[in-house]
Amino acid sequence: MKVLRNFNQIITLKKAHELDGRNLKNCDLSIIENGSVVFDEEKIIWVGADEELPENYKNIPYLNKKGHVLLPEIVDCHTHLVFGGNRAKEYSMRLNGADYQDIAKAGGGILYTMNKTNELTRSELFDLACERIERINSYGVGTIEIKSGYGLNFDKEYECSLIIDDLKQKYASLGIQIINTYMAAHAVPKSFASSSAYLDEVVIPLMKKLVDDGVGIDFVDIFHEAGYFDNKDTQKLFDMAQILGLKFKSHADEFIDNKGAVLAATSGASSTEHLLCTEKDGIEALAQSSTVATLLPGTGFFLGKPQAKARAFLDASVKVAIGSDYNPGSCHCDNVILVASLAAPHYKMTLTELWAAITLNAAHALDLREQGAIIPGLKPRFSCFAVDSVDEITYSWGRNFKASLL
Ligand code: NIG
Ligand code: FE
């Protein structure tokens, strides 16, 4: 059992947890000043003001955490960090006026990274991913979702899913939780006549093989977007995932409102992500569902596109998370705290909504219901910052506080 005492603040999100991450008010951060916490390997046992610490915990040797703030563990619920090469040139081209989709049509984009990824071996890709995970972890992020999707052929996609599985095993022993998302449906290689041909010949058979081989896939994802995968492809993949007992989600409404949010919400997706162009019907469908809306403001900033209508989602009682979308093309920024801090004033998001978006709601987007708040019974997954108050973290845009997970 561990006893940690005298945190300047413990940001419990107790009330936000009770409200299932929706309709949050400023006080729903549920801050305990001069707080203490007691936990074992499995769960949080007690949390409260230090002056209320029960007698039986007072005899246990403890660590004094004065000068620190404790938060529910920060989760990055959307990354694509297994890839080769980089697309620095594309960013410069975009600054000089080119458009993301035009660059992709001219041989750049996801298919460029596919070639670079196929040039690297399994161990080279693994080593690159380790560097990236460790940098993300240094910001205080303890759970990281990783999508495959730059192999884009049967063998390399299989390898990418195995790499993510290897990463999951390696980092579990260090307290970092990796979530493995299968996203072979990320783009259609030019050798296939259509998206449905690629889906039938690669994406679905490989999904079945991963299940048959017992590779621990946590989610299936698809880029539901004009020029990538259409409504029919997406519905088919969702149906197949369901038959195989896999949870599913989508990248939706990023460049146009193709009703991706509506489809995800009405199909029972765990989350749907991007949503830059989602309109009223998509927002309403999400509000009536348990599908989390994962917004990725870094991508809007990186591509220079108008941002998602975050306030409309929040005001409609949608459960909103924020992810980094760290990837080589549309957002080469791996710091979800920076992304959320930058976005909040544009999104007109409150501090409570911001923190819920990268802790509680981000965990729920990954169906991790046992974490996301500091209350007895939940898992002891924390992010601990050496600051005097929570305000300092989002105030210092982009500073790496080297927060620990405890
Ligand atoms: O989430 N939108 C689709 N996939 C990635 C971009 C991938 C890339 O450009 O390499 C995203 O933004
Ligand atoms: Fe993405």
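The values are calculated or read from the model by the stated rules, or taken from the named source; none is laboratory data. As the structure is a prediction and not an experimental result, all values here were calculated from the model. Backbone-built Cβ (ideal geometry, glycine too); neighbour counts: all protein chains shown.
Out of the residues in the stretch 250-297 that are under 17 Å from THR181 (Cβ atoms), under 20 Å from the mean Cα position of the chain (by Cα) and of a type in the set (Ser, Thr, Tyr), state the one that is farthest from ligand 2 (Cβ to nearest atom).
Result: THR291.
Any idea which of GLU273, GLU279, GLU284, GLU254 is more than 17 Å from ASN361 (Cα to Cα), out of contact with any Pro (no Cβ under 7 Å at 6 or more places or on another chain) and within 11 Å of ligand 1 (Cβ to nearest atom)?
Of GLU273, GLU279, GLU284, GLU254, the one residue that is more than 17 Å from ASN361 (Cα to Cα), out of contact with any Pro (no Cβ under 7 Å at 6 or more places or on another chain) and within 11 Å of ligand 1 (Cβ to nearest atom) is GLU254.
In the stretch 89-103, how many residues are closer than 29 Å to ASN180 by Cα and touching a residue at least 60 places away in the same chain (Cβ under 8 Å)?
Qualifying residue count, the stretch 89-103: 4.
Pairs under 7 Å by beta carbon, first residue closer than 13 Å to GLY21 by Cβ in the stretch 286-300, partner acidic (Asp, Glu), six or more apart or different chains?
THR294/GLU273
Going by what's in this entry, would GLY149 be described as away from ligand 2 (no atom under 16 Å from the Cβ) and on the phi > 0 side of the Ramachandran plot?
In short, no.
Name the helices (runs of 4 or more DSSP H) wholly within the stretch 71-184 that hold at least 3 residues that are of a type in the set (A, V, I, L, M)?
It comes to 88-95, 109-118, 122-138, 154-172.
If I ask for residues that are among the hydrophobic types (A, V, I, L, M, F, W, C) and more than 13 Å from ligand 1 (Cβ to nearest atom), which ones from the stretch 94-124 would you list?
LEU95, ALA98, ALA106, LEU120
Residues of the stretch 226-279 being within 18 Å of PRO297 (Cα to Cα), crowded, with 19+ Cβ neighbours inside 10 Å and among the acidic types (Asp, Glu), which ones?
ASP253, GLU254, GLU273
Is the stretch 31-39 home to any residue that is closer than 30 Å to THR291 by Cβ, out of contact with any helix residue (DSSP H, G or I) (no Cβ under 6 Å at 6 or more places or on another chain) and either at pLDDT 95 or above or among the aromatic types (Phe, Trp, Tyr) (or both)?
The answer is yes, given that some residue of the stretch 31-39 is closer than 30 Å to THR291 by Cβ, out of contact with any helix residue (DSSP H, G or I) (no Cβ under 6 Å at 6 or more places or on another chain) and either at pLDDT 95 or above or among the aromatic types (Phe, Trp, Tyr) (or both).
Would you mention how many residues in the stretch 193-225 are assigned to a loop (DSSP other than H, G, I, E, B), more than 16 Å from ligand 2 (Cβ to nearest atom) and buried (at least 19 other Cβ atoms within 10 Å of the Cβ)?
Total meeting the criteria: 1.
May I ask you to list the residues in the stretch 329-385 that are touching a residue at least 40 places away in the same chain (Cβ under 8 Å) and at positive phi?
ASP367, GLY372, GLY377
So is SER330 hydroxyl-bearing (Ser, Thr, Tyr) and under 30 Å from ILE110 (Cα atoms) or not?
So SER330 fits the description; yes.
Against the conditions (1) in contact (Cβ under 8 Å) with a residue 40 or more places away in the chain; (2) farther than 30 Å from CYS384 by Cβ; (3) β-branched (Val, Ile, Thr), where does VAL82 fall short? Just the number, please.
It is condition (2) that VAL82 fails.
Report yes if some residue within the stretch 378-395 is modelled with pLDDT of 95 or more, in contact with an Asp or Glu (Cβ under 8 Å, 6 or more places away or on another chain) and small (Gly, Ala, Ser); otherwise report no.
yes
Yes/no per residue for (1) out of contact with any Pro (no Cβ under 6 Å at 6 or more places or on another chain); (2) outside the structural domain of LYS43 (by TED's automatic domain parsing); (3) not aliphatic (A, V, I, L, M):
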site	(1), (2), (3)
ASP334	yes, yes, yes
ALA344	yes, yes, no
LEU351	yes, yes, no
ALA356	yes, yes, no
THR359	no, yes, yes
PRO376	yes, no, yes
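Do we have TYR57 as touching a residue at least 40 places away in the same chain (Cβ under 8 Å), among the aromatic types (Phe, Trp, Tyr), more than 16 Å from ligand 1 (Cβ to nearest atom) and farther than 28 Å from HIS224 by Cβ here?
In short, yes.
One line per residue, one yes/no per condition, for (1) away from ligand 2 (no atom under 16 Å from the Cβ); (2) within 24 Å of the chain's Cα centre (by Cα); (3) more than 30 Å from GLU254 (Cβ to Cβ):
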site	(1), (2), (3)
LEU24	yes, yes, no
ALA49	yes, no, yes
THR79	no, yes, no
GLY84	yes, yes, no
ARG87	no, yes, no
TYR100	no, yes, no
ILE110	no, yes, no
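Does the stretch 50-57 contain at least one residue that is under 24 Å from PHE401 (Cβ atoms), in a helix (DSSP H, G or I), at pLDDT 95 or above and assigned by TED's automatic domain parsing to the domain that holds LYS15?
Within the stretch 50-57, one or more residues are under 24 Å from PHE401 (Cβ atoms), in a helix (DSSP H, G or I), at pLDDT 95 or above and assigned by TED's automatic domain parsing to the domain that holds LYS15.
Can you find a residue in the stretch 363-373 that is among the acidic types (Asp, Glu), away from ligand 2 (no atom under 16 Å from the Cβ) and crowded, with 20+ Cβ neighbours inside 10 Å?
No, the conditions are met nowhere in the stretch 363-373.
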